[in-house]
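For reference, the structure discussed in these notes is given below.
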Amino acid sequence: MNATSIIKTKDLNKSFHDPVEFQALKNINVQINQGEFVSIVGSSGSGKSTLLYQISLLDTPTSGEIIIDGVTVSDFDQNQKTQFRLKNMGFVFQDYALIPELTATENVILPLLMQGYDHDYSIKKAHEVLKTLGLEKQINNLPNQLSGGEQQIVSIARAVVHSPKIIFADEPTANLDLESSKAVIKILEETCKKFKHTVVMVTHEEEYGKKADRIIRVVDGRVEE
């Protein structure tokens, strides 16, 4: 069976000027298939998070192409990128990025409301996802009433609630203890299988990287797969 590519880069380069030019990515050519759980691993400063930010449209490459689901998205303007991200992508960050004044449910419904879904439908959908991820008793808790692991699970619920094609996770276990880290990685694995999402995770933890279907190793701005 031929695998279907959902993310593809062609000669991707990214340079920063701070204050002299530094090339963070050098002619990156990668392909990620639909439904894959892929980890991008590498040491600090290797370029792994920079690569994630390019393929998730959170940053703009210096040169090269990014093709997602058959569309050359590297040509998009900022508004097009924002709309494409909102519809097709979910994000999990190492600092959880939850709004402290909102409950778990209210944080999770945000992507649905931004897409114009009805409030009652959004609440119902959020509760379904939180229950699936084991947080049915915490649906009305504020972030400061949740453990770090629970906050990260809420952020995963927010990432998957609108059924995006791709979940991007940037160091999702960085601020968690061992037990919570293992729980989060397991949920990302199950999310990939159960919801059929493509999951792309950046991690410096080799142990967690090996949980993925495939590892993309970044060394000094180049891919050594």
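Scanning the range 108-167 for residues that are in a helix (DSSP H, G or I), of a type in the set (S, T, N, Q) and within 28 Å of ASN33 (Cα to Cα) turns up THR132, GLN152, SER155.
Across the range 1-26, the qualifying residues are those that are of a type in the set (A, V, I, L, M, F, W, C) and open to solvent by 100 Å² or more (accessible area, probe 1.4 Å), and the one among them that is farthest from PHE84 (Cα to Cα) is VAL20. Can you tell me which residue in the range 130-140 is modelled with the lowest pLDDT, limited to those that are buried (at least 18 other Cβ atoms within 10 Å of the Cβ) and closer than 22 Å to HIS197 by Cα? Per the criteria, the residue is LEU133.
Scanning the range 168-194 for residues that are in a strand (DSSP E or B) and crowded, with 23+ Cβ neighbours inside 10 Å turns up PHE168, ALA169. Is there a residue being in contact (Cβ under 8 Å) with a residue 12 or more places away in the chain, open to solvent by less than 20 Å² (accessible area, probe 1.4 Å), within 18 Å of GLY148 (Cβ to Cβ) and out of contact with any Asp or Glu (no Cβ under 9 Å at 6 or more places or on another chain) anywhere in the range 195-206? Within the range 195-206, not a single residue is in contact (Cβ under 8 Å) with a residue 12 or more places away in the chain, open to solvent by less than 20 Å² (accessible area, probe 1.4 Å), within 18 Å of GLY148 (Cβ to Cβ) and out of contact with any Asp or Glu (no Cβ under 9 Å at 6 or more places or on another chain).
Residue count for the range 49-72 satisfying the condition of being touching a residue at least 40 places away in the same chain (Cβ under 8 Å) and assigned to a loop (DSSP other than H, G, I, E, B): 5.
Among the residues of the range 94-129, those that are hydroxyl-bearing (Ser, Thr, Tyr) and either within 14 Å of LEU58 (Cβ to Cβ) or buried (at least 18 other Cβ atoms within 10 Å of the Cβ) (or both) comprise TYR96, THR103, THR105, SER122. Summed over the range 207-225, residues that are open to solvent by less than 60 Å² (accessible area, probe 1.4 Å) and either among the hydroxyl-bearing types (Ser, Thr, Tyr) or in contact with a helix residue (DSSP H, G or I) (Cβ under 9 Å, 6 or more places away or on another chain) (or both) total 7. LEU102 passes every criterion in (1) free of Cβ contacts under 8 Å to residues at least 40 places away in the same chain; (2) farther than 19 Å from ARG217 by Cβ; (3) out of contact with any helix residue (DSSP H, G or I) (no Cβ under 7 Å at 6 or more places or on another chain); (4) not in a helix (DSSP H, G or I) apart from (1).
Restricting attention to the range 37-93 and to residues that are charged (D, E, K, R) and open to solvent by 10 Å² or more (accessible area, probe 1.4 Å), the residue that is nearest to ILE7 (Cα to Cα) turns out to be ASP69.
The values are calculated or read from the model by the stated rules, or taken from the named source; none is laboratory data. These numbers come from a predicted model, not from an experiment. Methodologically, a virtual Cβ is constructed for each residue, glycine included, from the backbone with ideal geometry; neighbour enumeration extends over all protein chains shown. Accessible surface is based on the protein model in full, side chains and every heavy atom, while ligands, DNA and RNA are left aside. Shrake-Rupley method; radii C 1.70, N 1.55, O 1.52, S 1.80 Å.
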